[in-house]
Amino acid sequence: MTTTEFKNLISRGIPAELPPPKPYDPAINHAPKRKDLLTPSEKRLALRNALRYFPAELHRILAGEFAEELRDYGRIYMYRFRPEYEIKARHIDDFPHNSRKVAAIMLMISNNLDVAVAQHPHELITYGGNGAVFQNWAQYLLTMRYLSEMTDDQTLVMYSGHPAGLFPSHRDAPRVVVTNGMMIPNYSSQDDWERFNAMGVTQYGQMTAGSYMYIGPQGIVHGTTITILNAGRIRGGKECSLRGKLFVSSGLGGMSGAQPKAAKIAGVISVIAEVNPKAIRTRYSQGWIDEVIENPDSLVNRIRKAIEKKEVVSIGYQGNIVEVWEKLADEGIKVDLGSDQTSLHNPWAGGYYPAGLSFDESNRMMSSDPENFKKCVKKSLVRQVAAINRHTAMGTYFFDYGNAFLLEASRAGADILKPDGEFRYHSYVQDIMGPLCFDYGFGPFRWVCCSNDPADLETTDKIAIRVLNRLMKSSPDQVKQQMADNIQWIKEAGKNRLVVGSQARILYADAEGRIALAAAFNRAVFSGKIKAPVVIGRDHHDVSGTDSPYRETSNIYDGSRFTSDMAVQNVIGDSFRGSTWVSIHNGGGVGWGEVINGGFGMLLDGTRDTGRKLEMMLHWDVNNGIARRSWARNEGAMFTIKREMERTPGLKVTVPNLVDDEIINCLFES
Ligand SMILES: NC(=O)c1ccc[n+]([C@@H]2O[C@H](COP(=O)([O-])OP(=O)(O)OC[C@H]3O[C@@H](n4cnc5c(N)ncnc54)[C@H](O)[C@@H]3O)[C@@H](O)[C@H]2O)c1
């Protein structure tokens, strides 16, 4: 297909004539069938809602087809309307547009739906089992058409995948404002998501799925490498080597699939269990796992050999993680580091596969007998925790990986609570990301080269190394390790060949680093050193963008971790300081109703105006969270915000006075 033909198809939007039906492709990784909990009148409503996108003359034929989809898959995806052309990142100018800012957004949306990138591409799901870009193909087609025709004097409003329309605005406003899954709080349970998503009125945007900021597994490889390295340092001290140490976890899916790759970069032996044969095959074919083992005894022998020889090897175990924990405990194998990355934010609809049931049995049972399936999940979590407890008694450092493992295990009645009601184990944010990264402003800054040319990415890597090396010279001791880890990462990034999809890169940087990097890229776009504009953004899993009491804000101890003012303030502040698009979501990562998270995207087009906006926006985007973390009395954040106030005229943040605990404790002594 020529570029002109592609452009014409995008500009056409929803075709006036019905395209031929699309056969269900069994070679593609499809979303599991969703629970059927709509009443007959709600099913009628779901059909009426879906047919709103089409003219009346098509209703009769589409109504029957959509009813079948609802029955067979639990959702109406409108498969027939999936385009024939390849959906993927392309050069920014290959997308039809009246605004390059908008063309960049089209590139980012296309990357999120690329079959090589997305987890369930035909169901428009990028990662995490339910992280949707759109609810159905009509929304995709209509959105792309709006984007192709809009100007810098309009803003596109996105309601959970549904393009509400183009509204007049102004050049400095965001071009797109995205909300995903925003619910009235009392209607935000897991079952509410199933019901309202099936009706077609809301979606689970995860974090970077529904905000068009996913960059494939690279984003998560970097975060996971930092986590494993620092988990090792927590146990063995700053200088410790992970050589010959064993890391056990589960999941080789969207994000979890990064674990074996990160473990190799960190230099540890890893065993990752995965029940889905397709997922394990994908990671093996990518070379992200070195070996696949299906038999528990062979696994034990292989681990013993790897420990003895201090190999750096990644082993995928095709089976249930519960079996692995139990078997290794029975055999007395010492696990140094342990975690879990099943999708427990989505426990009843395919996120967690219980021990004792095969993968196929589980897939059938979760929709045909959801109540019993729920019981099996709970029983399995109780077993899993019992086995993990045996390991931690032998010295394993176990941490929750932000997948709601501790939360769901406690709800299942597992032995996971201490007498004071706190969890037995910490989350990776409590121990690692929070105190070492977020409190100092370090978070997952990322960029995408809109030329789609690897040479541009290489140029940006070189610029990044130069900028970080310069900043490191004046870094305070508290952040030198972070800087060093990231310089090391970016030096190796090209060699590690982490790009899947768009020409993207990630590293952790603080406010000063993010601003310096973005400004340097903007100058390079202006001078032509980089051939086309660059998108900057971040994962929502960051300093300021996310309020999530069991993950991003789990190291906030002043009682405010159940509030979400920070995330809401963040997106409002980003939008009037110059971001190109903004998003705010309910539900990413740890579950519907458990988190509010937001993000932004910004196009660096090489102009002076963008230079001014990037400074203002990135400064707020990081320091909002530092101010909040400092008010919560987090030591690193208090240090960072004071330093920032010295550097930034006009910044005056309310800082806490610390009270001597004795003064309070003596009031309650008797
Ligand atoms: N990697 C990170 O840095 C990070 C950060 C925060 C949160 N998380 C969380 O991690 C979870 C996983 O994310 P994902 O994108 O990989 O999801 P995913 O659904 O793509 O992958 C999870 C995988 O776990 C497998 N699985 C489920 N139950 C299993 C079991 N009992 N034994 C073995 N395998 C099992 C599934 O088959 C699936 O492939 C999510 O809840 C996510 O929010 C990850």
Selected residue (only one of 568, 543 is touching a helix residue (DSSP H, G or I) at 6+ places or on another chain (Cβ under 7 Å) and closer than 30 Å to residue 658 by Cα): 543
Within the range 233-241, is there a residue that is within 16 Å of the ligand (Cβ to nearest atom) and touching a Phe, Trp or Tyr at 6+ places or on another chain (Cβ under 7 Å)? no
Would you say residue 523 is of a type in the set (Lys, Arg), more than 28 Å from residue 638 (Cβ to Cβ) and open to solvent by less than 30 Å² (accessible area, probe 1.4 Å)? no
Okay, strands (runs of 3 or more DSSP E) sitting entirely in the range 140-182 with 2 or more residues that are free of Cβ contacts under 8 Å to residues at least 40 places away in the same chain, I get 154-159, 162-168
Could you check residue 58 against (1) open to solvent by 50 Å² or more (accessible area, probe 1.4 Å); (2) out of contact with any Asp or Glu (no Cβ under 8 Å at 6 or more places or on another chain); (3) farther than 22 Å from residue 124 by Cα and say which number it fails? (1)
First in the range 608-620 and in contact (Cβ under 8 Å) with a residue 40 or more places away in the chain, second anywhere and of a type in the set (S, T, N, Q) and open to solvent by less than 50 Å² (accessible area, probe 1.4 Å), Cβ under 6 Å, 6 or more apart: 610/522; 611/522; 617/579
Going through the range 482-524 one residue at a time, which ones are among the small types (Gly, Ala, Ser) and more than 27 Å from residue 616 (Cβ to Cβ)? 484, 493, 494, 501
Given the conditions (1) assigned to a loop (DSSP other than H, G, I, E, B); (2) on the phi < 0 side of the Ramachandran plot; (3) in contact with a helix residue (DSSP H, G or I) (Cβ under 6 Å, 6 or more places away or on another chain), every one holds for residue 630 apart from (1)
Against the condition within 16 Å of the ligand (Cβ to nearest atom) and open to solvent by less than 40 Å² (accessible area, probe 1.4 Å), how does residue 506 come out, does it pass? yes
Could you tell me whether residue 326 is of a type outside the set (A, V, I, L, M, F, W, C), under 18 Å from residue 387 (Cβ atoms) and free of Cβ contacts under 8 Å to residues at least 60 places away in the same chain? no
Scanning the range 201-218 for residues that are away from the ligand (no atom under 11 Å from the Cβ) and more than 30 Å from residue 45 (Cβ to Cβ), the one surrounded by the most Cβ atoms within 10 Å (Cβ to Cβ) turns out to be 215
Please name all residue pairs, on different chains or six or more residues apart, with Cβ atoms under 8 Å, provided the first residue is in the range 417-439 and is open to solvent by less than 40 Å² (accessible area, probe 1.4 Å) and the second residue is of a type in the set (Asp, Glu) and assigned to a helix (DSSP H, G or I). 439/635
Going through 626, 596 one at a time, which residue ends up being of a type outside the set (S, T, N, Q) and without any contact (Cβ under 8 Å) to a residue 60 or more places away in the chain? 596
Taking only pairs six or more apart or across chains, which ones have beta-carbon atoms under 7 Å, a first residue in the range 242-260 that is open to solvent by less than 20 Å² (accessible area, probe 1.4 Å) and among the polar types (S, T, N, Q), and a second residue that is near the ligand (Cβ under 6 Å from one of its atoms) and assigned to a helix (DSSP H, G or I)? 250/321; 259/224
For the condition under 30 Å from the mean Cα position of the chain (by Cα), surrounded by 18 or more Cβ atoms within 10 Å (Cβ to Cβ) and in a helix (DSSP H, G or I), what is the one hit in 87, 76, 10? 10
Could you list all residues from the range 339-383 that are at negative phi, more than 8 Å from the ligand (Cβ to nearest atom) and of a type in the set (Gly, Ala, Ser)? 339, 349, 358, 362, 367, 368
Return only the number of the condition from (1) more than 25 Å from the chain's Cα centre (by Cα); (2) open to solvent by 40 Å² or more (accessible area, probe 1.4 Å) that residue 165 does not satisfy. (2)
Considering each residue of the range 112-131, count those that are more than 13 Å from the ligand (Cβ to nearest atom) and open to solvent by 10 Å² or more (accessible area, probe 1.4 Å), and give that number. 4
Of the residues in the range 557-597, how many are of a type in the set (Phe, Trp, Tyr) and within 16 Å of the ligand (Cβ to nearest atom)? 1
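Could you go through the range 439-451 and let me know if any residue there is more than 29 Å from residue 107 (Cα to Cα) and over 18 Å from the mean Cα position of the chain (by Cα).
The answer is yes, given that some residue of the range 439-451 is more than 29 Å from residue 107 (Cα to Cα) and over 18 Å from the mean Cα position of the chain (by Cα).
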Within the range 332-369, residues among the charged types (D, E, K, R) and within 17 Å of the chain's Cα centre (by Cα) come out as 340
How many of the residues in the range 18-55 are farther than 29 Å from residue 362 by Cβ, open to solvent by 40 Å² or more (accessible area, probe 1.4 Å) and among the aromatic types (Phe, Trp, Tyr)? 1
For the range 356-369, state whether one or more residues are small (Gly, Ala, Ser), assigned to a helix (DSSP H, G or I), open to solvent by less than 50 Å² (accessible area, probe 1.4 Å) and at pLDDT 95 or above. yes
May I ask you to say which residue of 478, 488 is out of contact with any strand residue (DSSP E or B) (no Cβ under 9 Å at 6 or more places or on another chain) and under 15 Å from residue 512 (Cβ atoms)? 478
Is it true that residue 505 is out of contact with any helix residue (DSSP H, G or I) (no Cβ under 8 Å at 6 or more places or on another chain) and not hydrophobic (A, V, I, L, M, F, W, C)? no
Output yes when any residue across the range 114-136 is part of a helix (DSSP H, G or I), in contact (Cβ under 8 Å) with a residue 24 or more places away in the chain and aliphatic (A, V, I, L, M), and no when none is. no
Yes or no: residue 640 buried (at least 24 other Cβ atoms within 10 Å of the Cβ) and touching a residue at least 12 places away in the same chain (Cβ under 8 Å)? yes
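The values are calculated or read from the model by the stated rules, or taken from the named source; none is laboratory data. For clarity, every value in this text was computed on a predicted model and none was experimentally measured. Every residue, glycine among them, receives a Cβ derived from its backbone with ideal geometry; neighbour counts consider all protein chains shown. Note: areas computed on protein heavy atoms with side chains; ligands, DNA, RNA excluded. Shrake-Rupley method; radii C 1.70, N 1.55, O 1.52, S 1.80 Å.
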